[in-house]
Amino acid sequence: MEEDCLSCMKYLMFIFNLFIFLGGAFLLGVGIWVLVDPIGFRDIVAINPLLFTGVYIILAMGGMLFLLGFLGCCGAIRENKCLLLFFFMLILFIFLAELAAAILAFLFKEHLTRKYFSRELKHHYQGRNNTDAFTSTWNTVMTMFECCGVSGPEDFEESLFRHLSPSKVVPEACCQRNSYPGDIGVEECMSGSIAFRHNKGCYSAMVEYAETYIYTAGALAVVVLTIELFAMVFAMCLFRGIQ
């Protein structure tokens, strides 16, 4: 009876991890295809910082799932205790990292206020063409959510950005998407015209976006954590059952 249970668990774990392996391979294939595509799709992605970042996220997720699926499949079907232990440790690390991120988000949520973000934006944001991580992230946020500043364009008054670019009222990332570089609309937008810029603050835009998907994200997080827990239980049971 115990051998039948162990055999059933082995094949269930193999099938479960086979789907993970195939999913990871698919994501890796999509990410690599976008990066090496000869017909110009890579150039389309490269001009949008959000899409370009998304490609590398897909590659990272694909690689992680590919490795997890491979370890799980090989460990289960070959009854290899070393691979199963490695699979268990990797899943445990991911689970603890997710748990730590959730705890930190809860502990520091009071610090993530509108006032805090406004202060950081004033002191560190440098402009459209700057490549530092803080500025690039804010450029992506303002482009993605079609917003400007934290509370609005007034956040750039008396800021580092205005000190570096005194002739500009707002950065190019605040301008509407139908205003292209070199277009008169961009120049008027950066000079202070409200007709060509986004006047909504990013804090409000992001809160509205989060409220739209918060239940979906919560449900997805619970499902993922549950799957990870079952994967660890199956791996450890199989590990202990192998003679």
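Details
- J(HN,Hα) series, the stretch 134-148, from Karplus relation 6.51 cos²θ - 1.76 cosθ + 1.60, nearest Hz, glycine and proline x: 4, 5, 4, 5, 5, 4, 5, 4, 5, 6, 5, 8, 6, 9, 9
- The trypsin sites (Lys or Arg not before Pro) of the stretch 142-180 that DSSP puts in a loop, and whose beta carbon has at most 10 other beta carbons within 10 Å, are R177.
Values in this text are rule-based calculations from the coordinates and carry no lab data. Computed from a prediction, not measured in an experiment: that's the story for all the values here. Here the Cβ is made from the backbone with ideal geometry for all residues, glycine too, and neighbour counts use every protein chain on show.
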